[in-house]
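Have a look at the structure below, then the notes.
The values are calculated or read from the model by the stated rules, or taken from the named source; none is laboratory data. Note that the structure is predicted; figures quoted are calculated from it, not measured. Here Cβ is always computed from backbone atoms with ideal geometry, including for glycine, and neighbour counts include all displayed protein chains. When the accessible area is computed, the model is the full protein with side chains, heavy atoms only, and any ligands, DNA or RNA have been set aside. Shrake-Rupley method; radii C 1.70, N 1.55, O 1.52, S 1.80 Å.
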Amino acid sequence: MHKKDKYLGYLYIAPWLIGFLVLTLYPFVVSLIYSFTEYDMFHIRFIGLQNYADIFTKDKTALDSLGKTLLYTAVSVPLKLLAALLVAMMLHKIRRGRALYYTVFYLPSILGSSVALAVLWKYVFKKDGLLNLLLGAIGISGANWLGDPKLVLYVMMLLPLWQMGAPMVLFLAALKNVPGDLQEAARIDGARPFQVFRRITLPMISPIIFFNCIMQTIEIIQIFTPAYLITKGGPVKQTYLYSLYLYDTAFRDMKIGYASALSWILFVIIISFTLAFFGLSGKWVFYGDER
């Protein structure tokens, strides 16, 4: 009976296990092997570390796109988390119609797939789009938001704010678990609202801030769809993000080996950020069982 239960358990997890081996582990290992080769889908030749050396010494486009991606991530992640926290604090105070407000703010994260959101963003911010029509109605001449090299990247940085639903829900759950008696004791002792937030609320929700920082950094640093659908990397490659360059290298130029090296550099960067977050977490993340 014990053996039957064991085999039955393996049968239940077989679909996930097969999917993991075929769709995750196999591409993961093969891409590492390809990164040491010159491979164009028809011919393959082992070249060692040449791809990695070329990326850092000869490929200016790769370094420029990586710099833009890091800038995009450095601005978008704090903006998204700050907006999510502010909305969560507002919803935490609401008593009437709470379910309606929850739905309104979380709905874009459910319905707003990356493709749909990118198409909507392009419709709003193009030269004759909705935003400029509204500005024109009040006598203001709108800018060419997606065509101006000085503006386009910063306009794109606002896009992740539309999908703040997931971190907002986590912040809301964390705020509900902050002990009210601690906040009330601080108010009785004369603490102002900002002091209560800084000294009590913020430390108590710091594990969720830590989790959201990691997850949103991993998500946004790999962003691809908006740059591909809205601007195609333009104008003058101001939104030519790293994932878009990786995609073009692999599927337009058919340099599979070189693209694999690009992907592994991105993987190492993500791992480095994650380890850095964990390394610094001991200085600012507070858990309830700690003194």
Radius ratio Rg over Rh of the chain, counting only Cα atoms, Kirkwood formula for Rh
1.05
Under the rule of at least 5 residues apart or a separate chain, name every residue whose amide H is placed under 5 Å from the amide H of residue 146.
127
Between residue 61 and residue 96, what FRET efficiency follows from the Cβ-Cβ distance if R0 is 45 Å, with the result rounded to 0.05?
0.25
Using a 7 Å offset from Cα along Cα-Cβ at residue 104, what residues in segment 143-180 end up with backbone N under 20 Å from the label point?
161-173
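Using alpha-carbon pairs under 8 Å, 6+ residues apart, how would you state the relative contact order of the chain in percent?
Contact order relative to length: 29 percent.
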Given a 1.4 Å probe and every protein chain left where it sits, what share in percent of the accessible area of the chain is carbon and sulfur?
69
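Can you tell me the length gained on complete extension of the stretch residue 138 to residue 115, counting 0.36 nm per residue apart and subtracting the Cα distance? Provide the component values of the computation, followed by the final result.
Details: separation 23, 0.36 × 23 = 8.28 nm, distance 3.10 nm.
Gain on extension, residue 138 to residue 115, equals 5.2 nm.
In what sequence, highest mean first, do 267-276, 18-27 appear when ranked by Cβ atoms within 10 angstrom?
On the way: 267-276: 12.9, 18-27: 10.9.
Result, highest mean Cβ count within 10 Å first: 267-276, 18-27.
Which values, in whole Å and largest first, are the semi-axes of the equivalent ellipsoid of segment 161-217 obtained as the square root of 5 times each eigenvalue of the Cα gyration tensor? Before the final figure, lay out each step's value.
Values: eigenvalues 129, 21, 19 Å².
The answer is 25, 10, 10 Å, longest axis first.
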Within segment 47-152, how many Lys pairs sit with Cα atoms under 23 Å apart, leaving out pairs fewer than 8 places apart on the same chain?
14
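Just tell me, in residue order, which DSSP H segments of the chain are both 27 angstrom or longer along the helix axis (alpha-carbon based) and at least -0.5 in mean Kyte-Doolittle hydropathy.
Working: long enough: 60-93 (50 Å, 1.00); 256-281 (37 Å, 1.98).
Qualifying helices: 60-93, 256-281.
Beyond 21 Å, what percent of the Cα pairs of segment 179-291 remain?
Working: 3664 of 6328 pairs.
Tail of P(r) above 21 Å: 58 percent of Cα pairs.
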Cross-link partners of residue 176 among aspartates and glutamates (Cα-Cα below 17 Å; sequence separation of 8 or more within a chain):
184
Expressed per residue, the solvent accessible area of the chain in Å² (1.4 Å probe) is about 61
Tell me the trypsin sites (Lys or Arg not before Pro) within segment 123-178 that lie in a loop according to DSSP and have at most 10 other beta-carbon atoms within 10 Å.
150
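Please report, largest first and rounded to whole Å, the three semi-axes of the ellipsoid equivalent to segment 67-126, where each semi-axis is the square root of five times an eigenvalue of the C-alpha gyration tensor.
Each semi-axis is √(5λ); the values are 26, 18, 8 Å.
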At the level of C-alpha centres, the distance separating segment 171-241 and segment 1-75, in angstrom, is 30
